Amino acid sequence: MKRLLKITLVLAISLIAFGTYAQDATHAVGSVHKFKTNVDGSNVHLGDHVGNTYTWAVYQADGTTAAVDNTDFTFTTADNGLNINTTDIQWLQAGTFYVEVTEANAAGACTTLRRLQILVSASALDLAVIASDNVGATITGAALTDCNDMSGKVIANAAVDFGTTTRYFTVKMTTDTQPWTTGAWGFKFTTSVASTVTSSAGGTVTGSDVAVALGTSEVVLTVVTANTPGVSPASDITLNLVATDAFITTGAGNTNEDGANLANNTSESFVITASPETNVITID
């Protein structure tokens, strides 16, 4: 009985010790987070710590090996985590890391260390494709169905071309629900009908690939498709855009969107309603 009690106590102590290093937060590759200590609710430094100095550090999963700056993480503030009680860290690599702060008193002789365990996951990387107008405002419901762009316009009597219709899709990239602006990103796309696709500023379309520049979290794709006149609804066009192979680029290279986040990579569909296929006017 005493032996069982002893084993139980050892196990309990071990669990308590393990709990000290339990995961404290989950962040996403590419996301930026502010770590802070000794501040009030407005991030103002508490007065009784004036004169103390701080050193922030990041360690790999073993808790002793220093994480690699610009590969595993980076300090996005100019101080590089030195002599400041708040610092911004961007995660560049998936894995488990420890964020540690050392505070030294004014004399520098005595220190206090605290640390958090952070799980950095690629799964929060999320690309969304949204049916929109030309400035990125979302279009939903009945507004998705409309006449083609040549409806009500004069078509030259001898013309056999019934023109084109233009619709727009906004593509957004987030990590940890934050707009991704600190690195380039990109994706592939397909449209449900043959179309010509161009991008707003910040994006470059090459074939079926879109590359998006640093500092741009969303782009508007302009999609132009040929009209199909005839009987509605049989000749109506159902137009959507599907994104695949989404990724972000960090100092550690490319990180792809996790399969669990693909549900919103297909836009809602625009329905482009056909106009009658009116023949040329003839004269007897």
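The values are calculated or read from the model by the stated rules, or taken from the named source; none is laboratory data. As the structure is a computational prediction, the values presented were derived from the model and not from experiment. Please note: Cβ atoms are built from the backbone with ideal geometry, for glycine as well, and neighbour counts cover all protein chains shown. Note: areas computed on protein heavy atoms with side chains; ligands, DNA, RNA excluded. Shrake-Rupley method; radii C 1.70, N 1.55, O 1.52, S 1.80 Å.
Summary of computed values
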{"read-out": "Of all residues in the stretch 111-133 being of a type in the set (A, V, I, L, M), in a strand (DSSP E or B) and open to solvent by less than 30 Å² (accessible area, probe 1.4 Å), the one that is farthest from residue 186 (Cα to Cα)", "value": "118"}
{"read-out": "Unmet requirement for residue 221, which otherwise passes all of (1) assigned to a loop (DSSP other than H, G, I, E, B); (2) touching a Phe, Trp or Tyr at 6+ places or on another chain (Cβ under 8 Å); (3) among the aliphatic types (A, V, I, L, M)", "value": "(1)"}
{"read-out": "Selected residue (only one of 184, 156, 213 is of a type in the set (A, V, I, L, M) and over 30 Å from residue 259 (Cβ atoms))", "value": "156"}
{"read-out": "Number of positions in the stretch 67-99 that are open to solvent by 20 Å² or more (accessible area, probe 1.4 Å), over 24 Å from residue 123 (Cα atoms) and assigned to a strand (DSSP E or B)", "value": "2"}
{"read-out": "Test: residue in the stretch 42-50 that is assigned to a strand (DSSP E or B) and at pLDDT 95 or above", "value": "no"}
{"read-out": "Criterion violated by residue 48 - all others in (1) closer than 19 Å to residue 251 by Cα; (2) surrounded by fewer than 18 Cβ atoms within 10 Å (Cβ to Cβ) satisfied", "value": "(1)"}
{"read-out": "Output for the stretch 177-192, where each listed residue is part of a loop (DSSP other than H, G, I, E, B) and among the hydroxyl-bearing types (Ser, Thr, Tyr)", "value": "177, 181, 182, 192"}
{"read-out": "Breaking point among (1) under 18 Å from the mean Cα position of the chain (by Cα); (2) touching a residue at least 24 places away in the same chain (Cβ under 8 Å), for residue 254", "value": "(2)"}
{"read-out": "Selected residue (only one of 174, 166 is open to solvent by less than 50 Å² (accessible area, probe 1.4 Å), at pLDDT 95 or above, assigned to a strand (DSSP E or B) and under 30 Å from residue 37 (Cβ atoms))", "value": "174"}
{"read-out": "Single residue of 136, 207, 108, 203 found to be surrounded by 12 or more Cβ atoms within 10 Å (Cβ to Cβ) and on the phi > 0 side of the Ramachandran plot", "value": "136"}
{"read-out": "Matching residues, the stretch 210-230, being over 23 Å from residue 171 (Cα atoms) and surrounded by fewer than 19 Cβ atoms within 10 Å (Cβ to Cβ)", "value": "228, 229, 230"}
